[in-house]
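Accompanying notes for the structure given below.
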Amino acid sequence: MIYSRIAGTGGYLPEKVVTNKELEETIETSDEWIRERTGICRRHIAAEGETCSDMGIIAAEKAIEMAGIEATDVDLIVVGTTTPDKVFPSTACIIQRRLGIKGSPAFDVQAACSGFIYALDLADRIIRTGGATTALVIGSEALSRVVNWEDRGTAVLFGDGAGAVVLTASKEQGIISTHMHADGQYEELLHVPAGIASGYDTVRHEKAFIHMNGNAVFKRAVAALGSIAKETLATNGIDKHELDWLIPHQANLRIIAAAARKLDMPMDRVVVTVDEQANTSSASIPLALDTAVRDGRIQRGHLLLLEAFGAGFTWGSALIRY
Ligand code: ACO
């Protein structure tokens, strides 16, 4: 039996930090409101010209180094992103070229904030069925490019960054199960209306920004994260108290706390980065994973539940023996 396991993790955050206090200068908001309603204190913002592939490559290189492999060992690249460098080719192909990898399949997955979980699911299935042995799975986002910085309802919520894992084929179980869902009927609650085929001018146009009904998204996110956790545990016959770490998508501390409560998880066993990084969409889960691996909280043998929710709506999870 072939499984896939996480051999290395990596993360990257742009140098520029924007605090809540700085946002107070440009929009009608307050540090207190943002902290209280979201748990966010600051976010990292990509430099001018810094792209999704620029960030993804740095995260990937760190994951490759931790895995103790060469970039040329990689035989599959899957990138979760909603903010690719170009319409085409995929950001995965751009990263492949820039890392000097030749011939491997490389493609992007667009599932908004669930992009990394979708990418991980696909890479795991390809490894388990013998299609690859060493996969680079990346979540990378330059969300600041689709944020309307004059809209206080969304501007306070998002940030940029990238996270990556190297998955290798293994006789030992690593990824235990993955789960993916979507429900397209909620498109209008969270979307960037601009699109190539719909013919909008995508440059700093109102339709090229995130439009969101925050309250409705909040409720659906809490419900979906609760149901995906239940489904994941039931599929594997695992009790919630066996989990060592919950690594949720980092959208809002109140959504994270609600997900933790449903699992009876104390907050000191939940990886939280939303305070420092805000919502980095498909980068948020691999960034949180990398943070807790590198600071020593997550150890080999620990049981991890990763769970995501995003536009679409999409949601998904991964149960992992690290
Ligand atoms: N600063 C100050 N006041 C604000 C701000 C702000 N930045 N934004 C909204 N307000 C005001 C509102 O205008 C409203 O004022 P009113 O009562 O006078 O009308 C008041 O604060 C309360 O607004 P609500 O929208 O009810 O506030 P809520 O507690 O729901 O928090 C929030 C809003 C933070 C957006 C919350 O709904 C949320 O986090 N939703 C989920 C968003 C999310 O996770 N999105 C990403 C999903 S993942 C993906 O795919 C991208």
>> Given (1) farther than 17 Å from GLY316 by Cβ; (2) open to solvent by less than 70 Å² (accessible area, probe 1.4 Å), identify the lone condition not met by PHE116.
In response: (1)
> Considering only segment 110-130, how many residues are within 16 Å of the ligand (Cβ to nearest atom) and in contact (Cβ under 8 Å) with a residue 60 or more places away in the chain?
Replying inline: 9
> For segment 46-70, what are the residues that are open to solvent by less than 20 Å² (accessible area, probe 1.4 Å) and more than 16 Å from the ligand (Cβ to nearest atom)?
Replying inline: ALA46, SER53, MET55, GLY56, ILE57, ALA59, ALA60, ALA63, ILE64
> Within segment 164-187, restricting attention to residues that are in a strand (DSSP E or B) and in contact with a Ser or Thr (Cβ under 6 Å, 6 or more places away or on another chain), which residue is farthest from VAL137 (Cα to Cα)?
Replying inline: ALA182
> Given the residues ARG254, ARG297, which is the only one that is at pLDDT 95 or above, more than 20 Å from THR178 (Cα to Cα) and assigned to a loop (DSSP other than H, G, I, E, B)?
Replying inline: ARG297
> Which residues, counting only those in segment 71-82, are within 20 Å of the chain's Cα centre (by Cα) and open to solvent by less than 20 Å² (accessible area, probe 1.4 Å)?
Replying inline: LEU76, ILE77, VAL78, VAL79, GLY80, THR81
>> Only one of GLU48, GLU28, GLU32 is at pLDDT 95 or above, part of a helix (DSSP H, G or I) and acidic (Asp, Glu). Can you tell me which?
In response: GLU32
> When you go through (1) touching a strand residue (DSSP E or B) at 6+ places or on another chain (Cβ under 9 Å); (2) surrounded by fewer than 24 Cβ atoms within 10 Å (Cβ to Cβ); (3) polar (S, T, N, Q) one by one for THR129, which number turns out not to apply?
Replying inline: (1)
>> Among the residues of segment 140-150, are any touching a helix residue (DSSP H, G or I) at 6+ places or on another chain (Cβ under 7 Å), more than 13 Å from the ligand (Cβ to nearest atom) and among the hydroxyl-bearing types (Ser, Thr, Tyr)?
In response: yes
>> Going residue by residue through segment 237-249, is there one that turns out to be closer than 25 Å to ALA142 by Cβ and not in a strand (DSSP E or B)?
In response: yes
> Out of all the residues in segment 190-214, which are assigned to a helix (DSSP H, G or I) and open to solvent by less than 50 Å² (accessible area, probe 1.4 Å)?
Replying inline: ALA208, GLY214
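For every residue, the table says whether it meets (1) open to solvent by 20 Å² or more (accessible area, probe 1.4 Å); (2) farther than 17 Å from SER317 by Cβ; (3) among the hydrophobic types (A, V, I, L, M, F, W, C); (4) in contact with a Phe, Trp or Tyr (Cβ under 7 Å, 6 or more places away or on another chain).
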{"residue": "ALA216", "(1), (2), (3), (4)": "yes, yes, yes, no"}
{"residue": "ASP239", "(1), (2), (3), (4)": "yes, no, no, no"}
{"residue": "GLN250", "(1), (2), (3), (4)": "no, no, no, no"}
{"residue": "ILE256", "(1), (2), (3), (4)": "no, no, yes, no"}
{"residue": "MET265", "(1), (2), (3), (4)": "no, no, yes, no"}
{"residue": "ALA278", "(1), (2), (3), (4)": "no, yes, yes, yes"}
>> For the structure I just gave you, tell me whether ALA135 is more than 15 Å from the chain's Cα centre (by Cα) and open to solvent by less than 20 Å² (accessible area, probe 1.4 Å).
In response: yes
> Out of all the residues in segment 300-309, which are in a strand (DSSP E or B) and either farther than 20 Å from HIS179 by Cβ or within 16 Å of the ligand (Cβ to nearest atom) (or both)?
Replying inline: LEU306, GLU307, ALA308, PHE309
> Looking at SER140, is it over 24 Å from ILE57 (Cα atoms) and of a type in the set (Ser, Thr, Tyr)?
Replying inline: no
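The values are calculated or read from the model by the stated rules, or taken from the named source; none is laboratory data. As the structure is a prediction and not an experimental result, all values here were calculated from the model. Backbone-built Cβ (ideal geometry, glycine too); neighbour counts: all protein chains shown. Side chains included, ligands, DNA and RNA excluded: accessible areas come from the protein's heavy atoms. Shrake-Rupley method; radii C 1.70, N 1.55, O 1.52, S 1.80 Å.
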